[in-house]
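Visitor: Dropping the structure in here first, questions after.
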Amino acid sequence: MTESDLNQLVSQTAAPQDTRPLRSQERSRTRATHTVVHGDMNGENRLFGGRLMEWIDEAAGIAARRHCGGSVTTACVDSLVFKNPAYLNEIVVIDAYVTYVGKTSLEVRVDSYVEDVATGERKQINVAYLTEVCVGEDERPRRIPFGLKLDTDEQRNEWHMAQIRKMIRRERQEQGI
């Protein structure tokens, strides 16, 4: 990907003209909460990363299903960055929402936090981007019936960054990385 390709993507100000009915990002928004229990712990007495990944995948799938109005399957976990740990009895809050919609796939951003029950303050523990594919009854990819309505600059920025991530994934795949 050249610098010119990146600049062209970032300079766009709206999603491409989409003839499909549009759904808002809010329609897909999903929030899940979990209390970290003994079965969620790793050998270092922190939340096991695999358990958090399970919760992230589940929230992303629900957000994608809400947008598509049907079944989805996870195709890719693009970025999964562990920023802070979570410990026994802490409350983990997971927020997921659609950031990009293509023909048969869509991207979901998932933010995970530890919530302080006394103050309600949250500390981010993870950010992840997942690609979900809309599938029909035959479990083959099908066209997503709805586009994504972009109302804010933040939503438009997420859309464009998703396009860049998509190009990078494609380039890495072509190079066998």
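Visitor: Of the numbered conditions (1) closer than 22 Å to Gln163 by Cα; (2) part of a loop (DSSP other than H, G, I, E, B); (3) not aliphatic (A, V, I, L, M), Tyr97 satisfies every one except a single condition; which is it?
Guide: (2)
Visitor: Let me ask you something else. Please give the number of the condition Tyr113 fails out of (1) surrounded by 16 or more Cβ atoms within 10 Å (Cβ to Cβ); (2) within 25 Å of Gly70 (Cα to Cα).
Guide: The failed condition is (2).
Visitor: Is it the case that Ile56 is in a helix (DSSP H, G or I), crowded, with 16+ Cβ neighbours inside 10 Å and β-branched (Val, Ile, Thr)?
Guide: Criteria met by Ile56.
Visitor: Looking at (1) buried (at least 21 other Cβ atoms within 10 Å of the Cβ); (2) within 16 Å of Gln25 (Cβ to Cβ); (3) over 16 Å from the mean Cα position of the chain (by Cα), which one does Asp153 not meet, given that it meets all the others?
Guide: Condition (1) is where Asp153 drops out.
Visitor: Tally time: how many residues in region 34-51 are of a type outside the set (S, T, N, Q) and farther than 15 Å from Tyr113 by Cα?
Guide: So the answer is 8.
Visitor: Let me ask another. For region 81-92, give me each residue that is surrounded by fewer than 17 Cβ atoms within 10 Å (Cβ to Cβ), of a type in the set (A, V, I, L, M) and part of a strand (DSSP E or B).
Guide: Residues satisfying the conditions are Val81, Ile91.
Visitor: Among the residues of region 87-122, count how many are under 29 Å from Ile168 (Cα atoms) and more than 15 Å from the chain's Cα centre (by Cα).
Guide: Final tally of qualifying residues: 2.
Visitor: Kindly provide the set of residues from region 145-160 that are in a helix (DSSP H, G or I) and touching a residue at least 24 places away in the same chain (Cβ under 8 Å), ordered by number.
Guide: Scanning region 145-160 gives Gln155, Arg156, Glu158, Trp159, His160.
Visitor: Sticking with this one: Applying the selection to region 41-53, what residues are polar (S, T, N, Q) and either free of Cβ contacts under 8 Å to residues at least 12 places away in the same chain or surrounded by 16 or more Cβ atoms within 10 Å (Cβ to Cβ) (or both)? Please lay out each step first, then the result.
Guide: Within region 41-53, the first condition is being polar (S, T, N, Q), and the residues that meet it are 42, 45.
Hit for region 41-53 is Asn42, nothing else.
Visitor: Cβ-Cβ under 9 Å, sequence separation 6+ or interchain: first residue in region 131-144 and in a strand (DSSP E or B), partner at pLDDT below 95 and among the charged types (D, E, K, R). Which pairs?
Guide: Cβ pairs passing all conditions: Thr131/Asp78; Thr131/Arg165; Thr131/Lys166; Thr131/Arg169.
Visitor: Something else now. So, in region 27-53, how many residues would count as being outside any strand (DSSP E or B) and among the β-branched types (Val, Ile, Thr)?
Guide: Filtering region 27-53 down to residues outside any strand (DSSP E or B) leaves 27-29, 36-40, 42-46, 48-53.
Within this subset, residues satisfying the condition of being among the β-branched types (Val, Ile, Thr) are 36-37.
Total satisfying the criteria: 2.
Visitor: Kindly evaluate Thr73 against the criterion of being among the hydroxyl-bearing types (Ser, Thr, Tyr), at pLDDT 95 or above, over 19 Å from Lys166 (Cβ atoms) and surrounded by fewer than 16 Cβ atoms within 10 Å (Cβ to Cβ).
Guide: No; evaluated as a whole, the condition is false for this residue.
Visitor: Follow-up question, since we're still on this one. Can you pull out every residue in region 118-150 that is small (Gly, Ala, Ser) and buried (at least 16 other Cβ atoms within 10 Å of the Cβ)?
Guide: Selection gives Ala128, Gly147.
The values are calculated or read from the model by the stated rules, or taken from the named source; none is laboratory data. Note that the coordinates shown come from a computational prediction; the quantities given were computed from them, not determined experimentally. Neighbour counts are summed over all protein chains in view; Cβ atoms, including those assigned to glycine, are modelled from backbone coordinates with ideal geometry.
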